[in-house]
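Q: For reference, the structure I am asking about is given below.
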Amino acid sequence: MKKIFSFAAILFAAMSLNAQESITCAEAVAKMPAQSGSETETVYTVTGYVTNTNGAISPSRTDASIDQQTFWMDDSKGSQKTVQGYWCNLPGHEALNVGDKISVTGKIMNYNNAPEIKNGDVVILERAEVKIDTINATVCEALEEGASLNDKDYSAEVFRVYGRVKGTDAVNNYGQHTFEMACGDQVFKPYNCTSDEAEFGKGDSVVVIGKLYNYGGVIEISNGRIELIEKSKEEIVINEVNVAGAVAAAMELAQGATSDDLYAVTGYVDSIAIAYSEQYNNISFFMTDNMENPTYNFEAYRVKVTAEHAALLTIGRKVTVTAALKRFYKAATETAEEIDLAETAEGGSIEIFYGEGIENTADEAKALKRIEDGQVVIIRNGVRYNALGIEVK
């Protein structure tokens, strides 16, 4: 009898865990926790219509056999963005379209005062008949079209945007590319896009495929696809600077802008800004030229590093971080002060010095980086080095 009771209790508990409350999008808003960043203890199944999405899908970072997508939904067909599904699990390998009737199961989070279900499970209840046009456009035409979108909205059409890489290509640990393309002084940004190419260089001719996205006035294609048309013959210039030189160069940029060239910034680790991430294999830290007088005005942001190397980044360690420079700017609010900070662009590489007595790097030295016989060769002051800093003939 005891065994039968125990089995019944386990079965009842399992049924309780699998039973979710089905609600509308409006009810999901009402059930969202009041505090930003909090989520419900209960798992809900929210039913509605897809009202906004970029159309792109991406493999789950925990299970590559599952495709995920980000979208908005509402209780009625249209463009109202009521509940966000953030990288939710699709039942197959086809993207959701605006107008599809779906349900999403997961906990409801308050994300910046908007209800969100993260990594929820999607069920497609009814497919909408959708015809999506593909439009060829220059960077200038894409910027003009994107400016007509409301903030955080995607275009209905898929665009093929043709142009050249303006500066450096930041590649994250998942092989996704982020860089800038220009039309005069205006910037168009492919963000976290996939490609068969390992890296794009300054001046490369490319086409970026996806829906246009207005992100706070920056026109992007996010999570799209990049195809190489022609490689550029431009040499990659690496400017060698100390921390003070990097700060001066970054603050000459417009607020929020990123440099076209790379900078090799040498200095000392004076504090850890963001601890090493095992998920993303990166770390952020502040650098200074003088440990006796740290300045805290330059951050090496999300530098690529292994766990073993991250353990070596103790306070006072001398390093060189190579990346594009960025002037990070965030306006003051009622609760936070203005931030105007020099930093490296995400995804920079690092060289760690183990010895003592290494002289400071000159501010105006330059190096050329070339590919010769399939190997990276850096030419500095007439001397040739490989990527590890070893002199080669």
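The values are calculated or read from the model by the stated rules, or taken from the named source; none is laboratory data. These numbers were taken from a predicted model, which means no experiment stands behind them. With ideal geometry, Cβ positions are generated from the backbone for all residues, glycine too; neighbour counts draw on all protein chains shown. Just the protein is used for accessible areas: all its heavy atoms, side chains included, with ligands, DNA and RNA removed. Shrake-Rupley method; radii C 1.70, N 1.55, O 1.52, S 1.80 Å.
Q: For region 161-179, which residues satisfy the criterion of being within 21 Å of the chain's Cα centre (by Cα), modelled with pLDDT of 95 or more and open to solvent by 30 Å² or more (accessible area, probe 1.4 Å)?
A: Matches in region 161-179: 164 only.
Q: I need the full set of residues from region 111-120 which are open to solvent by less than 40 Å² (accessible area, probe 1.4 Å) and assigned to a strand (DSSP E or B), in order please.
A: Once the filter is applied, which keeps residues that are open to solvent by less than 40 Å² (accessible area, probe 1.4 Å) and assigned to a strand (DSSP E or B), region 111-120 yields 114, 115, 116, 117.
Q: Going through region 203-247 one residue at a time, which ones are of a type in the set (Ser, Thr, Tyr) and more than 16 Å from the chain's Cα centre (by Cα)?
A: 205, 232
Q: How many of the residues making up region 121-160 are surrounded by fewer than 15 Cβ atoms within 10 Å (Cβ to Cβ) and farther than 18 Å from residue 209 by Cβ?
A: 12
Q: Inside region 36-61, can you point out the residues that are surrounded by fewer than 21 Cβ atoms within 10 Å (Cβ to Cβ), in a loop (DSSP other than H, G, I, E, B), of a type in the set (S, T, N, Q) and under 17 Å from the mean Cα position of the chain (by Cα)?
A: 60, the sole residue that qualifies.
Q: On to the next question. Here are some residues: 250, 254, 182. Which one is in contact (Cβ under 8 Å) with a residue 40 or more places away in the chain and crowded, with 18+ Cβ neighbours inside 10 Å?
A: Checking each option against the conditions leaves just 250.
Q: Could you say which residue among 308, 292, 337, 235 is of a type in the set (D, E, K, R) and within 28 Å of residue 185 (Cβ to Cβ)?
A: Exactly one of 308, 292, 337, 235 is of a type in the set (D, E, K, R) and within 28 Å of residue 185 (Cβ to Cβ), namely 235.
Q: Go through region 264-279 and report how many residues are β-branched (Val, Ile, Thr) and either part of a loop (DSSP other than H, G, I, E, B) or open to solvent by 70 Å² or more (accessible area, probe 1.4 Å) (or both).
A: Count: 2.
Q: Hey, another quick one. For a quick check of your reading of the model, give me the residue pairs whose first member lies in region 288-313 and is on the phi > 0 side of the Ramachandran plot, whose second is open to solvent by 70 Å² or more (accessible area, probe 1.4 Å), with beta-carbon atoms closer than 9 Å and at least 6 apart or on different chains.
A: 302/274; 302/280; 302/346
Q: OK, next. Give region 235-247 a look and list any residue that's charged (D, E, K, R) and open to solvent by less than 30 Å² (accessible area, probe 1.4 Å), or say none.
A: Once the filter is applied, which keeps residues that are charged (D, E, K, R) and open to solvent by less than 30 Å² (accessible area, probe 1.4 Å), region 235-247 yields only 240.
Q: If you take the residues in region 93-110 that are open to solvent by 30 Å² or more (accessible area, probe 1.4 Å) and without any contact (Cβ under 8 Å) to a residue 60 or more places away in the chain, which one is farthest from the chain's Cα centre (by Cα)?
A: Result: 101.
Q: Given the condition of a type outside the set (Lys, Arg) and at pLDDT below 90, answer yes or no: does some residue in region 33-43 qualify?
A: no
Q: While we're here: Please state which of the following conditions residue 209 fails to meet, knowing it meets all the rest: (1) open to solvent by 40 Å² or more (accessible area, probe 1.4 Å); (2) in contact with a Cys (Cβ under 9 Å, 6 or more places away or on another chain).
A: (1)
Q: In region 217-234, what count of residues is obtained for those that are more than 15 Å from residue 141 (Cα to Cα) and buried (at least 22 other Cβ atoms within 10 Å of the Cβ)?
A: Summing the residues that are more than 15 Å from residue 141 (Cα to Cα) and buried (at least 22 other Cβ atoms within 10 Å of the Cβ) in region 217-234 gives 3.
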